[in-house]
Amino acid sequence: MKHAQPQGLSRRRVKELIAQAEAHRSTGSRIDVLSRQFLGLPYQINPLIGSAATPEVFTASLEGFDCVTYIETIHALSRSSSVDEFVEWLRKIRYQGGRVAWERRNHYMTGWIRNNARTGALRRLSLRDVPAIVKQRTLDSVPGLPQARARFQCVPKTSIRKLGKHLQTGDLIFFASTRKHLDIFHCGILVRDGDRLLIRHASRSRGNVVEQELNEFLKANRMAGVIVVRPAGGDAKR
């Protein structure tokens, strides 16, 4: 079955981005190259089209992002060698089962992680020497979606220092909320620069896509902990 092209897609720009990354063999290196291209672009509130009362429109704009559409776009680009592959991966990453519908969109990020792990697009980092805690949430912050329970593991903020040595460029990091009705409040892409860990993310408070020290973000934000996942093929070191 042939799917409609997403709204806002610039095939020329996607071709350019894929060409810039194709010489890099590791997933982490491709994510590094691709994510850097969008630094400075504007933060966009609610960039996707669709709701419980409005039909979902598959979009693929490269002009602005929120934190989720930023990592979705980079993840899809890093796995693609053509524009059509990019469109297919973006659809699979964003929607459960790859079917474009508002109720199938991965609204909550613990579901986003779970569904993308099932497709083999990524895997969670689970490390014996890094303590993890279990959190439970009753998810009801998206109007029109039925209430759902979520149970997930995360690394508490006090143990993130132990996690740091295991992190590498291209890993995706998700910040667990302290609110009882929300699982994840933000996400981004990690970049290792020697001993420094940076995060690239679409920042609502700063108004654009930025790169900053991970420790700076951790100090500035209250959180229950973090979840880190590694895109498939991302085990090669830079």
Filter result for the condition that a residue is touching a Pro at 6+ places or on another chain (Cβ under 8 Å), open to solvent by less than 60 Å² (accessible area, probe 1.4 Å) and under 23 Å from Phe38 (Cα atoms), over Gly225, Gly188, Gly194, Gly207: Gly207
Those residues of the stretch 183-218 which are without any contact (Cβ under 8 Å) to a residue 60 or more places away in the chain and either of a type in the set (Val, Ile, Thr) or within 24 Å of Thr110 (Cβ to Cβ) (or both), in sequence order: Phe185, Leu190, Leu197, Ile199, Ser205, Leu214, Phe217
Thr69 being crowded, with 17+ Cβ neighbours inside 10 Å and either closer than 17 Å to His201 by Cβ or without any contact (Cβ under 8 Å) to a residue 12 or more places away in the chain (or both): yes
Residue in the stretch 161-172 that is modelled with pLDDT under 95, assigned to a loop (DSSP other than H, G, I, E, B) and open to solvent by 80 Å² or more (accessible area, probe 1.4 Å) present: yes
Test for Ile18: is it surrounded by fewer than 21 Cβ atoms within 10 Å (Cβ to Cβ), of a type in the set (Val, Ile, Thr), over 19 Å from Arg118 (Cα atoms) and touching a residue at least 60 places away in the same chain (Cβ under 8 Å): yes
First in the stretch 39-55 and more than 15 Å from Asp66 (Cβ to Cβ), second anywhere and open to solvent by 50 Å² or more (accessible area, probe 1.4 Å), Cβ under 9 Å, 6 or more apart: Leu39/Glu211; Ser51/Pro143; Ser51/Gly144; Ala52/Glu103; Ala52/Pro143; Ala52/Gly144; Ala53/Gly144; Pro55/Ile49
1 or more residues in contact with a strand residue (DSSP E or B) (Cβ under 6 Å, 6 or more places away or on another chain) and over 17 Å from Val209 (Cα atoms): qualifying helices (runs of 4 or more DSSP H) within the stretch 1-87: 27-36
Only listed residue being over 17 Å from the mean Cα position of the chain (by Cα) and among the aromatic types (Phe, Trp, Tyr), chosen from Trp112, Trp89, Trp102: Trp102
Matching entry among Lys157, Lys180 (being in contact (Cβ under 8 Å) with a residue 60 or more places away in the chain and either open to solvent by 60 Å² or more (accessible area, probe 1.4 Å) or more than 19 Å from the chain's Cα centre (by Cα) (or both)): Lys157
Matching entry among Gln37, Gln7, Gln44 (being under 21 Å from the mean Cα position of the chain (by Cα), exposed (fewer than 13 other Cβ atoms within 10 Å of the Cβ) and at pLDDT 95 or above): Gln7
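The values are calculated or read from the model by the stated rules, or taken from the named source; none is laboratory data. Note that the structure is predicted; figures quoted are calculated from it, not measured. Because the Cβ atoms are built from the backbone with ideal geometry, glycine has one as well, and the counts that use them run over all protein chains shown. Surface areas here come from the heavy atoms of the whole protein model, side chains and all, with no ligands, DNA or RNA. Shrake-Rupley method; radii C 1.70, N 1.55, O 1.52, S 1.80 Å.
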